[in-house]
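The values are calculated or read from the model by the stated rules, or taken from the named source; none is laboratory data. All values reported here derive from a predicted model rather than from experimental measurement. Counting neighbours? That spans all protein chains shown, and the Cβs are built from the backbone with ideal geometry, glycine included. Ligands, DNA and RNA are stripped out before the accessible areas are found, and what is left, the full protein with its side chains, is counted by its heavy atoms. Shrake-Rupley method; radii C 1.70, N 1.55, O 1.52, S 1.80 Å.
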Amino acid sequence: MFDLIIRGGNVVTPRGVVHCDVAVAGETIAALAQPGALAADSANRVIDATQGIVMPGGIDPHVHMHHVWFKPDGTPLVTAGPEHVGIAALHGGTTTLIDFAFWRDGLTARQAVEARDKDFVGKSPCDWAYHIMLHTEPPPEFSGQLAEAIQAGYPTLKIFTTNILPSRTGRMVDFGDIWEAFQVLAKHGGLGVIHAEDNDIVMHMYAKLIRENQVGFEHLAKVHNQLSEDLSFRRILRLAESVPGTALYMMHVSAGTGVTAIAEARRKGLPIYGETLHQYLNWSAEDYKRPNGQIYHTYPSLKSKDDQKALWHGTASDTIHCVATDELCCTLKDKTLGDRIDNTTGGNSGVEPRLGVMYTEMVVRRGYSLSRYVDLVSSNAAKIMGLYPRKGAIAVGSDADITILDPARRGTVRAVDLHESDYTPWEGHEINAWPVVTILRGKVMVEGGQYFGSQNDGRYLKRKISSETLSGALP
Ligand SMILES: [Zn+2]
């Protein structure tokens, strides 16, 4: 007896797109069968997916929920938490979110995770995980704790090579400590997830532009520029190469120089992976000039149209593997409070429209196969982050995280239809498909626009990076 049969859809499986039925028992996928082969009375429920696209639930490997940011006046702003962002994600067909746990001064790695659990346990309707985020001047005992954390199922370490803004300290990790961290990651099977910018170039440009009174946020691309991405990517990739076995995931690649650096590292056989963000694929620094232009921004900044082209090329040539959001959910008022190069809020609103918008951009406008689309919004993140095949696959034994897209759905993205904020940078963007059913571990969370989930539905996902990922064989 099955709990659920999803009937008649085009199912995106690891072996390609198959017209079949998907049966779910409990929290996992129990069978894939010829259409109609499973009797309707063998399940408690049948969902008709005829004409639909059945895909693994979306995975966003880079989000910030319940995140503390400082407004230009110095007062803290806490962005929306998983109890809010998770609902939006599920409406948009995404079932797993990976956020960050801040390994602050005085905390052990385990305490960092426990502190972050307070924001998630009993609050997240999506399944979730954390990247542990290293801060400046880690204590001498951090190597041992990192090894323990990897073994305990927290195998990804976030490292910044810049403080991003002149007013911020505590993020940038120096190269000696990064070198030390890479040795631990390589030895114990961890993965470095990297925010790479060249701090000298970035801080130099802040000082220069402030001196020259070019302080409007429309100048951000001059600060967080292509040269910074070039130098910082090459430096960190060279460091990784010097510690055999170091696997890295380069977050939010924003420039052609970053794409080229990753491609060169991969040609040497190094286990280096690339992520870009959906807004880098759609907007350029020109868009800063539009009304409320801050809504398109995150750090590093938007770049040129040529950079955008290079990023697209990366998604089609095994250099960019994941399209994430860098979600940071706040109101339009808060997102546009800062208007200078040195106080504009980073992060995006976009966890809900990601799957729908990327379907339009990839499958409809650029002719990507459904399999490549699913790789970029789900499967590759599962593979790289140590969740595959539990997540990111429609396969027997995998978690029944299933999204049904309706490719007949037409219209445009409108903030009023979404569940995120009072604005969306995607307002007016054309839709050619939209998630109509989202299932998390066998439970129908969203169907026909109605939400059936609860804050207790999500679970923490302990992870182990696969040997294929660590050796560079994946995806
Ligand atoms: Zn981020």
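List the lysines whose Cα lies under 16 Å from the Cα of K333, skipping any in the same chain that are fewer than 8 positions away.
Straight-distance partners of K333: K71.
Taking the Cα centroid of the range 1-41 and of the range 168-197, what is the distance between the two, rounded to the nearest whole Å?
So the two Cα centres are separated by 42 Å.
Evaluate the relative contact order of the range 117-247 (contact order divided by residue number), counting alpha-carbon pairs under 8 angstrom at least 6 apart; express in whole percent.
25
Short version: ³J(HN,Hα) in whole Hz for each residue of the range 419-430, in order, from phi by Karplus 6.51 cos²θ - 1.76 cosθ + 1.60 (θ = phi - 60°), x for Gly and Pro, what are they?
Working through the residues one at a time gives 10, 9, 8, 8, 8, 9, x, 8, 3, x, 5, 5 Hz.
Mind ordering 442-450, 239-247 by average Cβ neighbours within 10 Å, highest first?
Top of the packing list down: 239-247, 442-450.
Give a residue-ordered list of calculated ³J(HN,Hα) values for the range 222-238 (Karplus: 6.51 cos²θ - 1.76 cosθ + 1.60, θ = phi - 60°; whole Hz; x for Gly, Pro).
Computed from phi, the couplings for the range 222-238 are 6, 7, 8, 9, 5, 5, 4, 5, 4, 5, 6, 5, 5, 5, 6, 5, 5 Hz.
As a test, work out the antiparallel percent of DSSP beta bridges whose residues both lie in the chain, rounded to the nearest 5.
50
By how many nm would the segment from R110 to E447 lengthen if fully extended, with 0.36 nm per residue of separation less the alpha-carbon distance?
117.6 nm
Is any residue of the range 6-31 close enough, with backbone N under 13 Å, to a label point placed 7 angstrom from the Cα of E468 along the Cα-Cβ axis, and if so, which?
Flagged as within label range: 14-16.
Could you check the spin-label model distance between V18 and D306? Points 7 Å from the Cα along Cα→Cβ, value in nm.
Spacing of the two 7 Å Cα→Cβ label points: 4.6 nm.
Show me the ranking of peptides 171-177, 104-110 by mean Cβ neighbours inside 10 Å, starting with the highest.
171-177, 104-110
Take the alpha-carbon centre of the range 436-475, take the same for the range 232-303, and report the distance between them in whole Å.
Distance between centres, Cα-based: 25 Å.
For K464, list the lysines whose Cα falls under 29 Å from its own Cα; do not include residues on the same chain fewer than 8 positions away.
Cross-link targets: K118, K123, K158, K187, K268, K383, K391, K443.
At a Förster radius of 35 Å, what calculated FRET efficiency corresponds to the Cβ-Cβ distance of S242 and S167, to the nearest 0.05?
Given R0 = 35 Å and the Cβ-Cβ separation, E is 0.60.
Hey, can you grab everything whose amide H is under 5 Å from the amide H of H321? Only 5+ residues off in sequence or another chain; H modelled, so Pro and N-termini drop out.
Counting only residues 5 or more places away or on other chains, the set is G274, E275, T276.
Within the accessible area of the range 90-156, what % is carbon and sulfur when the probe is 1.4 Å and the other protein chains stay in place?
Ligands and nucleic acids excluded, carbon and sulfur give 52 percent.
Mind giving me the FRET efficiency for S454 and R211? R0 is 56 Å, r the Cβ-Cβ distance, nearest 0.05 is fine.
0.55
Calculated from DSSP H runs of 4 or more alone, at -39500 (n - 2.57) each and per residue, what is the 222 nm mean residue ellipticity of the chain, nearest 500?
-7500 deg cm²/dmol
Under 5 Å between amide hydrogens, which residues at least 5 positions from K158 or on another chain qualify, with H placed 1.01 Å from N in the peptide plane?
Those qualifying (amide H under 5 Å, at least 5 residues apart or on another chain) are I132, M133, L134, V193.
Treat each spin label as a single point 7 Å out from the Cα along the C-beta direction, and report the V364 to K71 distance in nm.
Simple spin-label model gives 3.8 nm for this pair.
Determine which aspartates and glutamates satisfy two conditions relative to K289: a Cα distance under 19 Å, and not lying fewer than 8 residues away in the same chain.
Straight-line reach from K289, under 19 Å: E218, D306, D307, D334, D339, D342, E427.
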